[in-house]
Structures are given as C-alpha cells and as structure tokens.
1. Here is a list: Lys19, Lys8. Which entry is basic (Lys, Arg), assigned to a loop (DSSP other than H, G, I, E, B) and either more than 22 Å from Trp159 (Cα to Cα) or in contact with a strand residue (DSSP E or B) (Cβ under 9 Å, 6 or more places away or on another chain) (or both)?
2. Sort out which residues of the stretch 68-82 are of a type outside the set (A, V, I, L, M) and open to solvent by 50 Å² or more (accessible area, probe 1.4 Å), and write them in order of number.
3. Applying the selection to the stretch 18-45, what residues are more than 26 Å from Ile133 (Cα to Cα) and surrounded by fewer than 13 Cβ atoms within 10 Å (Cβ to Cβ)?
4. Within the bounds of the stretch 39-59, is there any residue that is of a type outside the set (Asp, Glu), within 24 Å of Arg126 (Cβ to Cβ) and in a strand (DSSP E or B)?
5. Within the stretch 1-33, can you find the residues that are closer than 29 Å to Lys160 by Cα, of a type in the set (S, T, N, Q) and touching a residue at least 60 places away in the same chain (Cβ under 8 Å)?
6. Filter the stretch 119-173 for residues that are of a type in the set (Ser, Thr, Tyr) and either open to solvent by 30 Å² or more (accessible area, probe 1.4 Å) or part of a helix (DSSP H, G or I) (or both) and give the result.
7. Residues that are modelled with pLDDT of 95 or more, open to solvent by 70 Å² or more (accessible area, probe 1.4 Å) and in a helix (DSSP H, G or I): does the stretch 99-111 have at least one?
Amino acid sequence: MGYGWEGKLTKLVPLDKEKHFDNCVAWMNNPEVTAWLLVGDFPLTKLAEAEWFDARSRFSDTEIIFAIETLDGEHIGTSGVHGIDYRNGVAVTGSLIGRTDLWGKGYGTDAAIVRARWAFEVAGLRRLFSAVIDGNERSLGMQRKAGYEVCGRLPQKLWKRGAFRDEIMTTLSRERFWELHGTG
C-alpha cells in the first residue's frame, strides 16, 4: 500500500516532525535556498520552526503543508496549499526544494503537478494561484511546466536582498490542468 500522493519522481506526504523537522530548519537558514523566498533573510531558531511545524501539523480546513519526498522516501522539500476557499474553489500554492543538488532535475515540477492533482481531485478546487519574485526564472519555469500561466505583475511589491522586486502572479485552472496532465 502506498503512502501519500505519488507522481513520477516525488510523493507528497504529511509533515512528520521526527522525519522532516531538521531538514526544514537547515533549509530555512540556507541563504541559497531562501534567496527567492519571502522568508529566510533572518535567522530562524529551532523554537520558531517548531512552533510553525506544530501549527501546520494540526488539521486545518484552509491550509495543508506536505513534505516532498523522492519515491524512495528521501525528504527534499515542502509544498503547500494555502488560504483554501471552498466557496469560491480557489487557493494559493507554493513549494521549495531544499536539496540544492536536485534543483533543475524535475522534482519541483513533479511535486507541483502532484499538488495540483490533489487540490483538484481531493479538495475539489477549480483554480490555483501562485507567485514568484521577478528574477526567479527556475521557479517560474517550474510553474509553467506544471501548467501555471502568468496572469499579472505587481511592480516593486517585495523587498528582497537589497532591492524592491516585482511579484509575478500565476494561475492554473482545473480545466487547463486536465488538458495538460489528464484526469487521475
């Protein structure tokens, strides 16, 4: 019997503090990993990460955070569906691959596809939104491969590493996802 939702390269599993916590603390304190995230410019203590972990490990009907693992169970990142609005069928998504040696190898794209399949098939959502900081070509490329389309730009919205940067907004509809990736 499988555990989690599987793709071709990854599976999304529930966060497990014993298995995933230390990696998350290390990644959130790695400037290379957080270079394009909204977090990570200030040191993150184990206590602060434990509080975040404990809050996300409880059931929530508006947010779910998955650990991203390889098919053989190695923890390589996290992926979330945030602000789930069942009435309107929408949510905001995001992810990170903390293992920098695996960047550019398709793990992020696969995890985004698995996450979208979960959001559309299990949560019954109709549209997902996401965003990237202008200049984060790797993340924008991953989103496009998963089917997200650019839908807007918020000029100089975000301060990151010494400059105000644009936020590029993206979206993925259930219909486009089925068109590109088929139904389960």
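The values are calculated or read from the model by the stated rules, or taken from the named source; none is laboratory data. Computed from a predicted model, the values in this text were never measured in an experiment. With ideal geometry, Cβ positions are generated from the backbone for all residues, glycine too; neighbour counts draw on all protein chains shown. Just so you know, the surface numbers come from the protein's heavy atoms only, side chains and all, with ligands and any DNA or RNA stripped out. Shrake-Rupley method; radii C 1.70, N 1.55, O 1.52, S 1.80 Å.
1. Only one candidate qualifies: Lys8.
2. Of the residues in the stretch 68-82, the ones of a type outside the set (A, V, I, L, M) are 69-70, 72-75, 77-80, 82.
The answer is Asp72, Glu74, His82.
3. Of everything in the stretch 18-45, just one residue is more than 26 Å from Ile133 (Cα to Cα) and surrounded by fewer than 13 Cβ atoms within 10 Å (Cβ to Cβ), namely Glu18.
4. no
5. Result: Asn23, Asn30.
6. Ser139 - this is the single residue of the stretch 119-173 that is of a type in the set (Ser, Thr, Tyr) and either open to solvent by 30 Å² or more (accessible area, probe 1.4 Å) or part of a helix (DSSP H, G or I) (or both).
7. Looking through the stretch 99-111, at least one residue is modelled with pLDDT of 95 or more, open to solvent by 70 Å² or more (accessible area, probe 1.4 Å) and in a helix (DSSP H, G or I).
Residue by residue, here is whether (1) farther than 21 Å from Leu180 by Cα; (2) β-branched (Val, Ile, Thr) holds:
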position	(1), (2)
Thr70	yes, yes
Asp110	no, no
Val114	no, yes
Val122	no, yes
